[in-house]
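A quick write-up on the structure given underneath.
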Amino acid sequence: MITDRPSIGGPPMVRIDGDKVRKLRESLELTQLYLATAVGVTTDTISRWENRRYPTIKKENALKLAEALEVSLEEILEDHEIESQDEGLKEKQQETGEAGENRLPKFFTIRPLLVLTLICVVIISGAFWWSFFGHQKINITAYRFLPPHTAPGLPFPVIINVETDHVGSLSLILRESVSQECTPIEADPDFTAIDEKTGDLKWIYQTDIQKITFCYLATTEPGARLEKELQFEGTITVRKSRSTATPIKGPNTLQVRPLHWADANGDEKIDDEEILTVYDELGKIKDVNFGMEQIEDIWSGTGYRWDEKTKKFVVQTSLSGSVVD
């Protein structure tokens, strides 16, 4: 049991073990940025806690830190902190017991067996409560909208819709693994990180709404082989006392073809239904340039064709053809 150690005129403080915090974070493959987001402090503060530059912190922050690391508060405290607080508790219990014995007749004293029974009841009740309520289960789904194809060297959008039944603030981690033939350009929300070795895209995001849309723009290599299939995989993870990693559902392959990504049926034109689908899916995303002007030009014409030499689309009109970059 942890007892508060109030500072003079300030909030309760506790001493944490920075080595324990760092080892727990690394075992869960969490970043300092994630912990900073979950606790509500800066990454510099997390670094100082782990390096014992700030060993004494607010108990409120220590509780948030323990929750993010999926452990109890006792597991991140310094050993002598737990011992000193246990000793203080024993002294208080002894003082209370002695005072009670002086005031009450012997038949009012609690027998050791009764004390042991009460302790067992409290422990079992606590374990029962923690099993059902301490680990909050959060239902979350993620669905990817991916074009069926794209032309070599040209950008295409990917949308990931995330939905949860959780009410209140929630921190989540979204990971997306893209094919090596693809290069990410921009995203909304912005990428939190891009792995230099694997190229994996990562977002750490905190929200209090139940529906979130992630959108990113990527481009294929100009020399990508036609008919090659590009693979996409991803997971969404929430941490709220218990880790829950959920695979992203939806299409996970895209084929390199001499077709525009908005031409879903591959008939070398963009019809009314296809352009309306683009507006429905991407119309609310303002910070990613997915080439709406080019799509409208192709839709306004009678069709288009792919020019292999220039690596561009040529719009077909009733009068003459024109090049669309």
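Before moving on, here are some points about what is shown:
- Some residue of the stretch 137-148 being at pLDDT 95 or above, farther than 25 Å from Ala66 by Cα, part of a strand (DSSP E or B) and aromatic (Phe, Trp, Tyr): yes
- Filtered residues of the stretch 29-48 (kept if touching a residue at least 12 places away in the same chain (Cβ under 8 Å) and surrounded by fewer than 15 Cβ atoms within 10 Å (Cβ to Cβ)): Gly40
- Some residue of the stretch 259-268 being touching a strand residue (DSSP E or B) at 6+ places or on another chain (Cβ under 7 Å) and closer than 15 Å to Ala142 by Cα: no
- Close pairs (8 angstrom Cβ cut-off, 6 or more residues apart or separate chains): under 30 Å from Ala66 (Cα atoms) in the stretch 243-267, of a type in the set (Asp, Glu) anywhere: Ser243/Glu70; Pro247/Glu233; Ile248/Glu176; Ile248/Glu233
- Taken over the stretch 196-216, the criterion of being modelled with pLDDT of 95 or more and not in a strand (DSSP E or B) is satisfied by no residue.
- Restricting Thr235, Thr219 to those that are assigned to a strand (DSSP E or B), surrounded by fewer than 16 Cβ atoms within 10 Å (Cβ to Cβ) and modelled with pLDDT of 90 or more reduces the list to Thr235.
- Considering Gly199, Gly250, Gly266, Gly223, the condition of being among the small types (Gly, Ala, Ser) and either under 14 Å from the mean Cα position of the chain (by Cα) or over 30 Å from Ile298 (Cα atoms) (or both) is satisfied by Gly199 alone.
- Checking Ser7, Ser27 one by one, the residue that is closer than 27 Å to Ala245 by Cβ, among the small types (Gly, Ala, Ser) and modelled with pLDDT under 90 is Ser27 and no other.
The values are calculated or read from the model by the stated rules, or taken from the named source; none is laboratory data. Because the structure is a prediction, the values reported are computed rather than measured. Quick reminder, even Gly has a Cβ in these numbers, built from the backbone with ideal geometry, and neighbours come from all protein chains shown.
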